[in-house]
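Each value in this text was obtained by applying a stated rule to the coordinates, not by laboratory testing. Model, not experiment: these values are computed from the prediction. Note that we place each Cβ from the backbone using ideal geometry, even for glycine, and neighbour counts take in every protein chain shown.
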Ligand SMILES: Cc1cc2nc3c(=O)[nH]c(=O)nc-3n(C[C@H](O)[C@H](O)[C@H](O)COP(=O)(O)OP(=O)(O)OC[C@H]3O[C@@H](n4cnc5c(N)ncnc54)[C@H](O)[C@@H]3O)c2cc1C
Ligand SMILES: Cc1cc2nc3c(=O)[nH]c(=O)nc-3n(C[C@H](O)[C@H](O)[C@H](O)COP(=O)(O)OP(=O)(O)OC[C@H]3O[C@@H](n4cnc5c(N)ncnc54)[C@H](O)[C@@H]3O)c2cc1C
């Protein structure tokens with residue numbers, strides 16, 4: 001089987017990329033999705049808050065997904081469901097499998113859109129027993145929203161990520177009790193609007209600078225021990241308190257899903273956990289593009305869609321031989337409180353009129369400048385209020401800014417002279 | 001009435017059951033847990049030891065070396081993953097260099113094959129990630145790694161195929177002898193047998209004392225581990241030990257047969273043989289110990305921490321004999337490390353002892369030694385395609401970390417003894433063993449169990465009887 005472009009993953013990223021690849025002139029576009037329906041993680045996010053940027057209205061996850069599923073259908077994009085991609089290679093050969101067998105597909109371009117997975121307890125090594133009743137927030141979300149089962153009656157949530165906070169509210173609405181949301185940091189990791197709408201409105205305490213130091217219960221969770229932590233995240237002796245509960249939910253981070261990328265020898269950024277990409281959302285392997293949570297974890301689906309449209313359009317340009325590759329790479333680096341920048345490297349010739357840089361900060365900055373430099377020379381600066389680690393920054397920059405830039409692009413957060 | 005009742009479905013009980021199933025006996029294996037391999041046999045270092053650790057002229061030394069030699073054939077017959085990757089005991093100073101030579105001599109005395117001392121250069125060539133300050137090491141080429149749960153499960157399966165019965169959730173509370181017949185009682189339920197074999201692991205002293213006068217004590221000693229992601233699985237090639245101390249063999253670093261990396265165990269004495277909790281302090285010790293061997297090691301990619309319980313006998317050696325004053329009651333007790341390695345030899349030894357005590361053995365003509373269990377992922381592509389054609393469930397991957405299909409999961413439920421719990425599936429086919437630890441596939445495995453066993457979803461438990469996962473329907 002041959003396709004102009006094959007998109008792996010049918011979440012919002014995959015849908016966006018496929019639609020845009022088609023729009024940009026490719027005739028045979030395929031999405032491969034391992035679930036029985038497209039839509040990705042959105043299908044279990046039945047709360048609203050999706051699409052504010054793109055549609056200027058608040059949709060639920062499934063509603064947002066449906067708009068793109070409909071577009072994909074209209075555009076005659078092939079979708080293989082209940083089919084898992086098991087390997088990809090540098091020369092863009094794909095192996096996939098479903099209940100009718102194993103298929104091999106050659107692709108003009110591949111777009112990786114496999115999303116991310118949740119970090120589990122093992123990754124954070126909470127000591128104590130290993131009973132039933134410990135779930136990642138996303139798993140609990142699936143049980144409650146899709147299967148229709150409750151995971152517990154008295155719940156403690158570790159981690160202040162968005163899914164954790166959303167699940168806190170969900171459990172209360174289902175008649176359960178949430179003792180507290182425990183954050184290891186001095187700020188909530190998720191969106192401020194979720195702190196307000198999911199915790200404050202329901203009087204669920206958010207315990208900042210705390211950690212679970214032990215889980216007890218031989219068969220089912222019986223209690224957990226919680227303690228305060230200092231600036232170095234070490235437990236402050238004497239602050240330990242034991243809480244009875246039957247369930248612990250973990251919302252301790254998401255990891256881009258990159259087994260397939262590794263199989264193809266794609267370079268992975270340790271910081272984001274996703275592929276290193278260029279201005280065109282192309283990975284280190286020519287013709288393999290990536291977008292959405294597989295590249296870096298997004299908090300807003302609107303940004304996923306925008307990023308994936310770029311990846312899809314560029315995949316089409318690649319197949320048609322339209323990406324201008326003459327200029328050398330400039331490499332982006334971050335400093336002064338910024339934790340990463342996507343894309344990782346830029347070619348001036350291949351850039352479109354505008355470039356979106358996606359950035360995150362390490363803590364809360366009430367007022368700051370994002371400064372872009374080429375070695376010593378300042379190219380641009382942008383004022384930002386209220387940057388928080390929970391909210392990804394999208395910094396749009398005109399192509400012309402980079403016109404005479406040559407070396408390495410430094411992106412720095414500056415707070416000097418500001419309060 | 002049974003001829004033989006075996007108490008304990010750990011690796012010891014399973015090995016004995018399989019060995020005895022070669023003969024004409026009515027046999028039953030009893031375990032208090034809801035699945036087999038739920039005791040020490042599920043949480044250990046998974047090493048098939050060479051046999052230089054045990055003191056000369058002990059039962060442990062003899063059965064370790066004999067057991068080790070049996071693994072190639074055993075694992076071939078039972079389709080259990082096993083790899084002789086060799087073990088190293090690393091010396092960091094002159095004193096330790098002397099010690100590894102002593103170990104080597106002990107090994108030779110015990111009959112261990114293929115021992116040698118590696119120079120610093122040879123050592124670092126074999127294991128480039130090792131601490132460059134290492135001075136040399138004892139290499140034992142016969143040591144290997146295995147999946148201990150699959151070993152136990154496959155041995156039980158083989159026994160069951162050859163006519164052995166089993167009963168789970170049978171927690172023996174008392175043993176009586178009425179006119180030469182043993183009556184084993186659990187919650188009012190009774191099972192009768194002419195002969196009893198006590199392979200009750202950390203509880204072997206308690207079980208012994210139900211039938212005979214106390215003659216030994218088992219002390220529980222806990223060991224904690226980190227299991228790291230496959231990304232780190234090839235940091236070392238061999239099983240790497242530091243020089244041993246009084247408390248045991250020390251923190252080791254080893255790949256597992258499934259290409260993860262295992263670090264541990266720590267060591268602490270406890271009163272509660274069922275306290276398998278992990279503690280920060282001891283895990284930290286294990287981590288530091290491992291770093292000493294392999295400096296670049298971090299536990300950043302840890303996917304699970306766990307603990308196992310050693311059954312330390314007060315006498316120091318394995319206790320395998322007919323209990324004094326209780327004719328027909330046989331102990332296989334104090335089976336501490338290298339109990340996994342020794343298991344098949346323990347079983348042979350048990351047969352010898354039973355014969356000596358006058359029990360008549362008649363060999364079966366139709367004993368079938370084979371158990372087949374290949375996972376979809378381990379097959380060739382043409383075999384995979386054929387399998388999907390025959391059963392479309394093999395075309396659906398449920399555990400995406402380990403690439404385990406629905407076909408594999410259903411198979412592990414339908415086998416005998418089959419999986420009835422989410423962890424039971426995991427032990428049999430690795431669904432949920434990977435880096436997301438069942439986060440994604442757990443609910444699906446639960447659904448498949450519910451469907452296959454015709455049991456409401458809420459009644460499917462994670463592991464032990466009361467480890468319920470769900471608390472009811474949503475509003
Ligand atoms: C629980 C949760 C709550 C969120 N809440 C909000 C919110 O309120 N508002 C908002 O704007 N944003 C929210 N987001 C963010 C946003 O919705 C996500 O970032 C976005 O859905 C990510 O899209 P994606 O396509 O990259 O990944 P996904 O949606 O995860 O899609 C990836 C798809 O790839 C498939 N796949 C993976 N591997 C393979 C393979 N090998 N073969 C075939 N298919 C494969 C998967 O099955 C999946 O369908 C939330 C995110 C999460 C995780
Ligand atoms: C930390 C650690 C590391 C180890 N590493 C290795 C290694 O690398 N190599 C090696 O060779 N060995 C190793 N060992 C030793 C090895 O794991 C054990 O020797 C072996 O698993 C013991 O098996 P068993 O069948 O005797 O006991 P178990 O597996 O504990 O089985 C005993 C069974 O008896 C049942 N039972 C108990 N009481 C009753 C009752 N009253 N009624 C009914 N059923 C009952 C239990 O439920 C259990 O299933 C290690 C041990 C530990 C703890």
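Quick one: helix A:12-23 against the long Cα principal axis of chain A, what's the angle to the nearest 10°, folded into 0 to 90?
10 degrees
Quickly estimate the mean residue ellipticity at 222 nm for chain B, helices only: each DSSP H run with n ≥ 4 gives -39500 (n - 2.57), and the total goes over all residues, rounded to 500.
-9500 deg cm²/dmol
For the range B:1-91, what is the relative contact order in percent, using Cα pairs closer than 8 Å and at least 6 residues apart in sequence? Walk me through the numbers before you get to the answer.
Values: 67 pairs, mean separation 19.1, N = 91.
Taking the mean separation of contacting Cα pairs over the length of the range B:1-91, I get 21 percent.
Mind checking the angle between helix A:162-173 and chain A's longest principal axis? C-alpha axes, 0 to 90 degrees, to the nearest 10.
In chain A, helix A:162-173 runs at an angle near 50 degrees to the longest axis.
Which FRET efficiency value, to the nearest 0.05, do you get for residue A:354 and residue B:280 by plugging their Cβ-Cβ distance into 1/(1 + (r/R0)^6) with R0 = 51 Å?
Taking R0 as 51 Å, the efficiency between residue A:354 and residue B:280 is 0.55.
Let me know the mean shielding of A:142-148 by other chains, meaning the per-residue number of their Cβ atoms within 10 Å of its Cβ.
Across A:142-148, the average partner-chain Cβ count within 10 Å equals 4.
What FRET efficiency comes out for residue B:186 versus residue B:361 if R0 is 35 angstrom and r is the Cβ-Cβ distance? Round to the nearest 0.05.
Numbers: r = 28 Å, r/R0 = 0.81.
Rounded to the nearest 0.05, the efficiency is 0.80.
Could you tell me how many degrees, from 0 to 90 and to the nearest 10, lie between the Cα long axis of helix A:301-319 and the main elongation axis, the longest principal axis, of the Cα atoms of chain A?
30 degrees
Can you compute the label reach from residue A:404? Point 7 Å from Cα along the Cβ direction, backbone N cut-off under 19 Å, restricted to the range A:350-372.
Residues A:372 fall inside that zone.
What relative contact order, as a whole-number percentage, does chain B give when Cα pairs under 8 Å and 6 or more residues apart are counted?
RCO, chain B: 19 percent.
What is the average number of partner chain Cβ atoms found within 10 Å of a Cβ in B:463-469?
6
Percent of Cα-Cα pairs more than 44 Å apart in chain B, please.
Percent of Cα pairs beyond 44 Å in chain B: 12.
Evaluate E = 1/(1 + (r/R0)^6) for residue B:114 and residue B:271, where r is the Cβ-Cβ distance and R0 equals 56 Å; express this FRET efficiency to the nearest 0.05.
0.85
What fraction, in whole percent, of alpha-carbon pairs in the protein assembly as shown exceed 40 Å separation? Present the calculation step by step, with values, prior to reporting the outcome.
On the way: 177647 of 399171 pairs.
Above the 40 Å cut-off, the protein assembly as shown has 45 percent of its Cα pairs.
Tell me, how many Å apart are the Cα centres for the range B:3-75 and for the range B:208-243?
Cα centres, the range B:3-75 to the range B:208-243: 15 Å.
One quarter of the convex hull surface, Cα atoms only: what value does that give for the range A:120-252 in nm²?
Details: hull surface 29.7 nm².
Result: a mean projected hull area of 7.4 nm².
Helix-only mean residue ellipticity at 222 nm, chain A, DSSP H runs n ≥ 4 weighted -39,500 (n - 2.57), per residue, nearest 500. What is it?
Here the helix-only value at 222 nm equals -5000 deg cm²/dmol.
Run the quick spin-label model on residue B:105 and residue A:216: label points 7 Å from Cα toward the beta carbon, then report their separation in nm to one decimal.
Once both label points are built, they end up 5.1 nm from each other.
Quick one: what do you get for the range B:233-367 if you divide its Cα Rg by 2.2 N^0.38 Å? Display every interim value, and only then the final one.
On the way: Rg = 19.5 Å, N = 135, 2.2 N^0.38 = 14.2 Å.
After normalising by residue count via 2.2 N^0.38 Å, the value is 1.38.
Over what distance in Å are the Cα centres of the range B:411-475 and the range A:342-419 separated?
Using only Cα atoms, the two centres lie 48 Å from each other.
If N is the number of residues in the range B:376-459, what value comes out of its Cα radius of gyration divided by 2.2 N^0.38 Å?
Taking N as the residue count of the range B:376-459, the ratio is 1.03.
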